Each structure stands twice: as C-alpha cells, then as structure tokens.
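Scroll down for the structure; my scribbles are underneath it.
The values are calculated or read from the model by the stated rules, or taken from the named source; none is laboratory data. All values reported here derive from a predicted model rather than from experimental measurement. Here the Cβ is made from the backbone with ideal geometry for all residues, glycine too, and neighbour counts use every protein chain on show.
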There are 2 protein chains.
Amino acid sequence: MLMKESKTGYEIKKLLEDVFSNFYSSSYGTIYPTLARMEKEGLITKENVQQEGKPNKNLLNITDKGRDSFNAYLLAPLEADSIKKSDFMMRLYFGEFVGYDKVILWLKQVQEESQHKLDQLLEQYSLYKDEMHPAQIICIQIGIEEYKAKLKIIAEGLSNMEQLVLTK
Amino acid sequence: MLMKESKTGYEIKKLLEDVFSNFYSSSYGTIYPTLARMEKEGLITKENVQQEGKPNKNLLNITDKGRDSFNAYLLAPLEADSIKKSDFMMRLYFGEFVGYDKVILWLKQVQEESQHKLDQLLEQYSLYKDEMHPAQIICIQIGIEEYKAKLKIIAEGLSNMEQLVLTK
DNA sequence: TCCGGCATGTAATCAGTTACATGATTTC
DNA sequence: GAAATCATGTAACTGATTACATGCCGGA
C-alpha cells in the first residue's frame with residue numbers, strides 16, 4: 001500500500017476495512033505490531049509529522065529493501081486461500097432441524113447484508129473503474145459476481161421456501 | 001453431526017474436509033480437544049468400540065443436554081461470517097506491479113483449482129440432491145453458483161489479458 | 001517395501017481478536 | 001451532551017495450525 005505514497009497505520013486500517021474487506025481482515029492489534037516489525041526489519045521507515053488540532057501521526061515510507069521484499073512476494077508462488085467460516089452456510093446445512101420460518105429469517109438477513117455489500121462494491125466500481133488496472137477490475141468484478149450469484153440463489157430459495165410454508 | 005447417528009472424531013474430521021470444507025476448516029488439533037471439552041460439559045458421551053484389524057474407536061453420542069444446546073444455538077442470532085483471506089485476490093489488487101504474464105499465470109492457477117472445487121460440488125449435488133433438505137440444497141447451490149461466477153470472470157479476464165499481451 | 005487408510009491424541013507455536021488507554025476536535 | 005473522527009499503541013486472551021507420537025492392515 002506504500003508503493004505509490006506514504007501512509008499512516010490509521011490510513012492502512014481504513015483501506016483494509018474498505019476496499020480490502022472482501023478478501024482480508026485486520027485490526028489494530030495486528031497492524032501496529034506488524035508495522036513495528038517491518039520497521040525493525042528495515043522494510044519501512046517512520047516519519048513523525050506534527051499536526052494541529054489532531055494527534056501527531058507517523059507517516060510510513062517504504063524503503064528500497066521494502067520494495068525488493070514486496071516484489072519477491074509477488075513472484076513467489078500463490079498461497080492457498082484460507083476458508084471463510086460461515087455460520088449462515090453452516091445453519092443452512094442443518095436447516096432440517098429448524099422450521100422453514102427460521103430458515104426464511106436467516107435467508108432474509110443474509111440477503112440484506114449481501115445486497116448492502118454488493119451495493120458498496122458496485123459504487124466503488126463505478127467510481128474508480130476508469131483509473132483501475134485490468135487486474136484490479138477482475139478483482140472487483142469477482143466480488144461483484146459472487147455476491148450476485150449468492151443473492152440469486154437466496155431469492156430463489158426464499159420463494160421456494162415461502163411456497164413450502166403455504167402448501168404445508 | 002451427531003443428531004442422526006453417532007460418529008467418531010475421525011469421521012467428523014472427514015466430513016469437515018468434505019461437505020463442510022466450503023464454509024468451515026478444521027484440524028485434529030481443534031477437533032479432539034473440542035470433543036473432550038464437550039464430553040466434560042455433558043453434551044456428548046464416548047463409547048469405546050473394539051475393532052479387529054483396525055485401531056479401537058470412540059463412538060460419540062449426543063446427549064439430551066447436547067441436543068438442547070444444539071437447538072439453542074440454532075435459535076440464537078446468526079453470527080457474522082469471518083472473512084476469507086485470499087492471497088489471489090490480494091495479488092490481483094496489486095497486479096499493476098507485475099507483468100500481465102504473471103497475472104495470467106495466477107488466473108490460470110485459480111481457474112484450475114476453482115473448476116476442481118466446482119466439479120466436486122456438482123458431483124455431490126447430483127449424488128445427494130434427492131435426499132437433501134431444501135435448506136441444504138440452497139447451501140450447496142450457493143457454493144456452486146459462487147464458483148461459477150468466479151470462473152466466468154476469470155475466463156473473461158483471461159481473454160482480455162491475453163488480448164492486452166498481444167496488442168502490446 | 002513403502003504408502004495410504006484407519007484412529008486418537010498432544011505440545012509447541014503462531015496468529016488473531018478484543019478491549020483498553022490516551023486525548024483533542026468536530027459533528028449530531 | 002454524546003458520539004464519531006483522528007491517531008497510536010499494548011496486554012490478555014482465544015483460537016488455530018503444524019508436527020509429532022503410536023501402530024496395525026492392505027494394496028501397489
């Protein structure tokens with residue numbers, strides 16, 4: 001994230017919560033210790049910047065060693081994705097042990113959340129697609145289409161379930 | 001998993017690797033300690049079964065207290081999904097720092113893996129769909145359609161990328 | 001002969017979250 | 001007056017992975 005311009009830990013956190021939130025998670029408890037380790041290893045340097053009305057900040061700059069390390073990472077073999085643990089999917093799997101009404105509730109809840117996530121991605125896409133690299137476009141499109149697919153099945157499942165409730 | 005019939009820790013592990021692998025991960029290092037804790041809490045009982053030619057096994061049975069606990073879980077609010085960390089998506093996001101050829105390599109690799117996962121899900125679906133509960137069908141269909149969506153974008157992305165390589 | 005399957009379990013390690021502490025400023 | 005934003009960081013805890021130990025059987 002520092003390849004193009006320097007950032008603070010706080011800004012990195014916001015980026016992770018925003019664009020990266022679809023395939024990465026984090027918290028201050030990992031970010032700041034990692035940053036400290038990276039400084040110790042000479043991958044980044046900290047530059048203290050005084051501010052008025054706001055707390056001082058540490059602007060992080062990437063070093064040449066840091067650039068080398070990042071490039072080496074990009075050339076290294078792809079790491080396997082870690083599985084997303086989904087309580088929703090788990091419950092669907094055990095849906096036979098609850099009533100249809102409960103399953104419908106779960107579906108509606110996840111439908112709403114997924115729609116919200118999709119809307120966010122679509123907005124990001126329309127805002128930035130002109131300045132995005134082709135690979136980034138693929139990245140965001142995968143997110144978009146995965147949510148659309150999920151929402152499609154949820155909608156179909158809901159109408160089937162609601163039919164089942166009526167005919168019972 | 002014990003609601004319908006008793007199982008061993010080993011069988012639970014296999015199930016987690018198989019059907020549940022799309023939305024849950026695990027290892028012996030979590031399974032056996034969890035099982036031990038559940039026995040201590042009175043949610044399950046262990047029944048030692050002698051076997052010939054094979055090591056003895058501990059058949060796990062759910063208790064009434066265990067059933068109550070499971071039902072209480074199903075009635076409790078849905079827990080948020082934990083994010084899937086994806087090295088592939090992360091690299092796509094930073095694709096501008098490598099050549100198109102490298103991005104194409106990543107895409108092809110994930111294409112193959114995803115196709116394999118999709119084939120597995122489709123096979124499971126065709127084998128068991130007649131005996132599956134409607135909610136389970138939704139669960140497996142979400143997995144199937146998500147992989148299809150991912151593969152669709154990867155295929156589109158690949159042909160765009162290959163075009164870009166040629167015209168450069 | 002070696003590998004995979006059956007079967008249970010532990011120990012060391014690593015990674016991650018949550019909650020806190022601090023404190024000024026701006027917005028509702 | 002409360003809450004959110006800016007901003008950095010730590011400590012305690014929880015959770016998970018990895019690798020190992022054990023050992024027999026059947027098949028390539």
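Key figures
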quantity	calculated
Hits in segment A:39-72 (condition: closer than 13 Å to A:M1 by Cα and in contact with a helix residue (DSSP H, G or I) (Cβ under 6 Å, 6 or more places away or on another chain))	A:L43, A:I44
Checklist (1) without any contact (Cβ under 8 Å) to a residue 40 or more places away in the chain; (2) over 18 Å from A:M90 (Cα atoms); (3) of a type outside the set (A, V, I, L, M) applied to B:E11, failing item	(2)
Members of segment A:75-117 that are within 19 Å of the chain's Cα centre (by Cα) and more than 16 Å from DNA strand C (Cβ to nearest atom)	A:L78, A:F88, A:M89, A:V110, A:Q111, A:E112, A:E113, A:S114, A:Q115, A:H116, A:K117
Subset tally (residues that are surrounded by 13 or more Cβ atoms within 10 Å (Cβ to Cβ) and in a helix (DSSP H, G or I)) for segment B:15-36	12
First in segment A:89-110 and surrounded by fewer than 17 Cβ atoms within 10 Å (Cβ to Cβ), second anywhere and not aliphatic (A, V, I, L, M), Cβ under 6 Å, 6 or more apart	A:E96/B:H133
Flag if B:V19 is under 23 Å from the mean Cα position of the chain (by Cα), of a type in the set (V, I, T) and either in the same structural domain as B:L158 (by TED's automatic domain parsing) or more than 16 Å from DNA strand C (Cβ to nearest atom) (or both)	no
Selection within segment B:73-91 - within 30 Å of A:M1 (Cα to Cα) and charged (D, E, K, R)	B:D81, B:K84, B:K85, B:D87, B:R91
Selection count, segment B:21-55, where residues are closer than 24 Å to B:K117 by Cβ and more than 12 Å from DNA strand D (Cβ to nearest atom)	2
Residue tally, condition closer than 17 Å to B:Y10 by Cβ, more than 8 Å from DNA strand C (Cβ to nearest atom) and of a type in the set (G, A, S), over segment B:26-52	1
Any hit, segment B:64-87, residues being in contact with a strand residue (DSSP E or B) (Cβ under 8 Å, 6 or more places away or on another chain) and more than 21 Å from B:A149 (Cβ to Cβ)	yes
Pick from segment B:71-86, criterion within 16 Å of DNA strand D (Cβ to nearest atom) and of a type in the set (G, A, S), ranking: farthest from the other protein chains (Cβ to nearest Cβ)	B:A76
Filtered residue count, segment A:53-69, keeping only those that are within 16 Å of DNA strand C (Cβ to nearest atom), among the polar types (S, T, N, Q) and either more than 14 Å from chain B (Cβ to nearest Cβ) or in a strand (DSSP E or B) (or both)	2
Residue in segment A:123-138 that is touching a Lys or Arg at 6+ places or on another chain (Cβ under 7 Å) and among the charged types (D, E, K, R) present	no
Selected residue (criterion: nearest to A:I83 (Cα to Cα)) from residues of segment B:1-14 that are in a helix (DSSP H, G or I) and away from DNA strand D (no atom under 14 Å from the Cβ)	B:K14
